[in-house]
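The structure appears below as structure tokens.
Every read-out reported here was derived from the displayed coordinates using simple, explicitly stated rules and does not represent laboratory data. Predicted, not measured: the structure shown is a model, and the values here were computed from it. Heads up, the Cβs are rebuilt from the backbone with ideal geometry, glycines too, and the neighbour counts pull from every protein chain shown.
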Amino acid sequence: MAEGHSIEDIRKHVRVYMMVFGALAVLTVVTVGVSYLDLPFAPALTLALVIASVKAGLVALYFMHLVSEKKVIFWMLALTFAFFLALILLFIAAKNGHGGSVLVP
Amino acid sequence: MQIPYTTTIRPDTGVYNAKLGVWLFLASEIMLFGGLFSAYVFLRMGVPVWPGEINGHLYTSAAEIVSIPLATLNTMILIASSVTMVMSWASLMMDNFARYRLYMGATILLAFGFLVVKAFEYGSKFDHGYFPAESNFLGIYFTLTGLHALHVVGGIIVNGYFFGPGAKMWKTDRARFINRIEIAGLYWHFVDLVWIFLFPTIYLI
């Protein structure tokens, strides 16, 4: 075995994979359902990103085995995610600071 | 001569080399797609109406241009392919090569299914004269989904290699082959993750 898992361990993993699949299917339906609420842009985006993050978290933690991964990987990803957020928020902060459209000088 | 740390854990990192390597690669890919996502935020926040005017028609919701049912189907296709991908790794861990081939084959077929649906989507856009240059919405839509589709093609090539000629390593270096499938799986899950974010932000909001 590559990383010391027994066959019984893998069978337990398989059960978890199927449960995560079910959760992802339900959350996809929720994602589409929520879009029919016709919310304004900012709350719509926030809600969409929260649901997407839950789905992404499930894929990352269980399909990509992050839940049992070494800390070095986890912290590297946390750092990456922090930079990703900064990238997105920079544009929003710049627009708010400017007081108008980002396209107008 | 044996390449070190392809199966044994490297003492300082705590993981085998390829695993650290692929996660570093995925971190760079997060920033690649992150840059394009921030471009989308930037373009969208700059205008009062989104998608806005295309070919003389004013659109107030993305659903008027793109197909939500097709994109939902594609979301389920990719999620299913992530399940079959991790099951192909689990099959190898349980010493079942035939099962591995079945699941890997399913992953590749689902990936092709995704591209077929994409081809229908793009085709219907082009039929209506909606090309990337026509508007900011179409530009960012084609760029984001196009780059993602290229990543799906890359995944098909890698998974196809491991389904076919690459599978010979199962006989010669079993543990290393299992690790290769784990790495390919990590890349494939990432492709799924990008779509999980793309779908609501472009199609639904």
Amide H of B:Glu53: which non-local residues (sequence gap of 5 or more, or other chain) have their own amide H closer than 5 Å, using H built in the peptide plane? B:Tyr59
For the stretch B:29-143, what is the convex hull (Cα atoms) projected area averaged across all directions, in square nanometres? 8.5
Under the classification rounded if a/c is under 1.5, otherwise prolate if a/b is larger than b/c and oblate if not, where does the protein assembly as shown fall, given a ≥ b ≥ c as square roots of the Cα gyration tensor eigenvalues? prolate
Ascending count of other beta-carbon atoms within 10 Å, so fewest first, for A:Ser68, B:Ser67, B:Ser82, A:Ser35: A:Ser68, B:Ser67, A:Ser35, B:Ser82
In nanometres, the difference between 0.36 nm per residue of separation and the alpha-carbon distance of B:His128 and B:Met1 is 39.8 nm
Quick one: angle between helix B:68-93 and the longest Cα principal axis of chain B, in degrees between 0 and 90, rounded to 10, please. 10
So how do B:Leu32, B:Leu43 line up by other beta-carbon neighbours within 10 Å, fewest first? B:Leu32, B:Leu43
Could you derive backbone 3J(HN,Hα) for the stretch A:13-19 from the dihedral phi with the Karplus parameters 6.51, -1.76 and 1.60 (θ = phi - 60°), listing whole Hz in sequence and x where the residue is Gly or Pro? 4, 4, 4, 5, 4, 5, 5
Could I have the simple spin-label model distance between B:Val153 and A:Ile7, label points 7 Å from Cα toward Cβ, reported in nm to one decimal? 4.3
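Let me have the 222 nm mean residue ellipticity of chain A computed from DSSP H runs of 4+ only, each contributing -39500 (n - 2.57), with the sum over all residues rounded to the nearest 500.
Details: 3 runs with 75 residues, N = 105.
It comes out at -25500 deg cm²/dmol, rounded to the nearest 500.
Hey, what number do you get for chain B at 222 nm if only DSSP H runs of n ≥ 4 count, each worth -39500 (n - 2.57), divided across all residues, to the nearest 500?
Numbers: 6 runs with 143 residues, N = 205.
Helices in chain B give a 222 nm mean residue ellipticity of -24500 deg cm²/dmol.
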Everything considered on the Cα gyration tensor (a ≥ b ≥ c; rounded for a/c under 1.5, else prolate if a/b is larger than b/c, else oblate), chain B must be described as prolate
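Shape of chain A from its Cα gyration tensor (a ≥ b ≥ c, root eigenvalues): rounded if a/c is under 1.5, otherwise prolate when a/b > b/c, or oblate?
Values: a/c = 5.90, a/b = 1.72, b/c = 3.43.
It comes out oblate by the Cα gyration axes.
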